[in-house]
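Chemist: I'd like to ask some things about the structure below.
Values in this text are rule-based calculations from the coordinates and carry no lab data. In this text the structure is predicted, and so the values were computed from the model without any measurement. Here the Cβ positions follow ideal geometry from the backbone for every residue, glycine too, while neighbour counts run over all protein chains shown.
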């Protein structure tokens, strides 16, 4: 089934079991941010192409819904385009984008609780003068025909288990154990201190072990 052994996992085993992406190296950003702030459409195309896959993966594992993740990805880059002037460089662009995605997810959750959804964001919508459509750049992380059944079951079971966690725990473990961000990056993205982050990750791991113990 899901794991090779149905025993209680330690933290390291749990991290290895749920990690499905390789941490991405930090790109050189000198000059690139200046181009973004100057409204350079080609630079924004590059930003979307470089990070849309990572942002979509985070959004999917936080929302556990593909359509919602697509909307969140587009909203993240639209918000980034509008607010790049306020980027101070305290964190990497990837961390900054993830923080925007998480805030957008929280805002949408509050919106959902107040009213029913009445519109769908088109993934064909262009961003400013850019020729890039976000729907064209989102990485497809579902298993393709060549992937075996075990991998598909693994991802499905993980998403299901993640969806049962409280948002604050889900966000922490997605960033730290699945997306491979450092604790410093996680704390910056979530805007929390290191002690709070470690507490949330520990609680999330404990709950995931309990939910996945039969696999």
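Chemist: Could you give the nm distance between label points at residue 184 and residue 151, where each point is 7 Å from its Cα heading toward the beta carbon?
Modeler: 3.3
Chemist: So how do 179-192, 54-67 stack up, highest first, on mean other-Cβ count within 10 Å?
Modeler: Details: 179-192: 19.1, 54-67: 21.6.
Descending packing order for the listed peptides: 54-67, 179-192.
Chemist: Something else about it: For residue 83 and residue 191, compute 0.36 nm times the residue count separating them, minus their Cα-Cα distance, and round to one decimal in nm. Spell out each step's value before the answer.
Modeler: Numbers: separation 108, 0.36 × 108 = 38.88 nm, distance 1.74 nm.
Gain on stretching residue 83 to residue 191: 37.1 nm.
Chemist: Enumerate the residues in the range 184-215 having an amide nitrogen under 17 Å from the point lying 7 Å beyond the Cα of residue 106 toward its Cβ.
Modeler: Hits in the range 184-215 for residue 106 at 17 Å: 185-201.
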